[in-house]
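Below is one structure; the comments refer to it alone.
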Amino acid sequence: MNSVNLHVHTNASDGLFPPEEVVKKAKQHNLKAIAVTDHDTVQGLTSAEKAGKEFNLEVIRGVELSLEVGDKATCHLLGYFIPDDQGVLVDTLIKISKSRELRNQAIIDKLKENGIEMDYDQLKEKYSPGKSNMGRMHIAQALVDKGFVKTYQQAFDKYLKKGKCCYQERFRLTPENAVELIHQSGGLAVLAHPGEGYPSEKKMKEIFSLLLKAGLDGIEVYYPRHTYIQTLNYSKMAEDHHLLKTGGTDFHGFKGRDQWNLTPPLGYEVVERMKKRRKKYDSS
């Protein structure tokens with residue numbers, strides 16, 4: 001039991017399961033460590049850490065930040081070893097959460113304009129009880145459950161992703177802001193799934209260059225939806241720029257996003273390399 005998963009979501013953002021259950025499931029899948037990386041929130045980290053001690057599983061405090069780049073292109077940046085204090089990063093996450101709430105309400109209004117009736121308060125109660133960080137994934141799952149689409153990916157492709165009828169912008173950090181915030185907090189900044197979510201490989205590389213100049217620490221090279229060639233290319237990118245090579249399954253718990261282990265498994269030595277690099281930012 002030496003494998004790790006460094007990209008895991010809970011229902012603190014758009015995952016299906018609460019932090020305690022996520023940790024329990026990780027242990028059942030024989031993982032040694034996981035990183036809880038919810039979207040733009042650290043709400044679930046304390047519960048996850050507590051469960052980690054109970055189940056003897058290392059929980060790395062993380063976050064997945066949504067960034068905006070120039071012409072409204074977006075990317076995701078993983079932050080690892082996020083502290084539990086109420087610093088500037090947490091203040092920024094609160095601002096993002098409020099923006100996400102307004103965005104969700106706007107999406108519900110747009111769905112209504114397209115003939116799909118949903119009650120926002122009922123959605124929050126069912127899919128994100130007690131949380132303010134409900135996301136598009138929850139709305140996608142509601143569309144599946146109500147029979148408007150067959151899969152959550154179809155919900156995004158038809159209604160929710162950029163350029164579709166119900167997409168709505170919200171406040172996002174710039175690459176420079178995000179890397180600086182993570183480093184100020186003593187954490188590491190890693191580009192998430194470079195092979196997914198970009199309009200083109202060229203655009204991804206443009207964003208990668210911005211992150212690199214800002215002090216990027218690593219690339220999520222190992223990812224279930226990367227092709228073999230993409231994995232080789234991103235591995236070389238990391239090596240060429242002396243960056244960490246990390247990996248994770250982007251676990252959410254929904255069908256299609258319920259994989260726990262990478263193939264081949266990612267070894268704990270990756271975590272050890274991350275901890276070594278982190279020392280240059282750790283102000284404690």
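All conditions in (1) outside any loop (DSSP other than H, G, I, E, B); (2) modelled with pLDDT of 95 or more; (3) over 21 Å from Asp40 (Cβ atoms) hold for Val190, with the sole exception of (3).
Selection of region 193-223 for residues being assigned to a loop (DSSP other than H, G, I, E, B), out of contact with any helix residue (DSSP H, G or I) (no Cβ under 6 Å at 6 or more places or on another chain) and at pLDDT below 95 yields Glu196, Gly197, Pro199, Ser200. Entry remark, region 179-211: residues being at positive phi and free of Cβ contacts under 8 Å to residues at least 40 places away in the same chain number 0 in total. Taken over region 231-260, the criterion of being out of contact with any strand residue (DSSP E or B) (no Cβ under 7 Å at 6 or more places or on another chain), farther than 29 Å from Gln141 by Cα and not charged (D, E, K, R) is satisfied by Leu232, Asn233, His241, His242.
From the list Ile116, Ile107, which residue is closer than 23 Å to Pro199 by Cα and outside the structural domain of Val69 (by TED's automatic domain parsing)?
Step by step, each of Ile116, Ile107 is checked, and only Ile107 is closer than 23 Å to Pro199 by Cα and outside the structural domain of Val69 (by TED's automatic domain parsing).
So is Gly256 touching a residue at least 40 places away in the same chain (Cβ under 8 Å), surrounded by fewer than 16 Cβ atoms within 10 Å (Cβ to Cβ), in contact with a helix residue (DSSP H, G or I) (Cβ under 9 Å, 6 or more places away or on another chain) and among the small types (Gly, Ala, Ser) or not? Judged against the criteria, Gly256 is a match. What is the residue count in region 259-284 for residues that are assigned to a helix (DSSP H, G or I) and either crowded, with 19+ Cβ neighbours inside 10 Å or among the hydrophobic types (A, V, I, L, M, F, W, C) (or both)? Going through region 259-284 one residue at a time, the tally reaches 3. Among the residues of region 77-89, the ones that are at pLDDT below 95 and either among the polar types (S, T, N, Q) or closer than 16 Å to Gly218 by Cα (or both) come to 2 in all.
Out of Gln43, Gln28, I need the residue that is free of Cβ contacts under 8 Å to residues at least 12 places away in the same chain and either buried (at least 22 other Cβ atoms within 10 Å of the Cβ) or out of contact with any helix residue (DSSP H, G or I) (no Cβ under 6 Å at 6 or more places or on another chain) (or both). Which one? Lay out the reasoning, then the answer.
Numbers: Gln43 fails: free of Cβ contacts under 8 Å to residues at least 12 places away in the same chain.
That would be Gln28, the only listed residue that is free of Cβ contacts under 8 Å to residues at least 12 places away in the same chain and either buried (at least 22 other Cβ atoms within 10 Å of the Cβ) or out of contact with any helix residue (DSSP H, G or I) (no Cβ under 6 Å at 6 or more places or on another chain) (or both).
The values are calculated or read from the model by the stated rules, or taken from the named source; none is laboratory data. Keep in mind that this is a model prediction, so the values were computed, not measured. We place every Cβ from the backbone using ideal geometry, glycine too, and count neighbours over all the protein chains shown.
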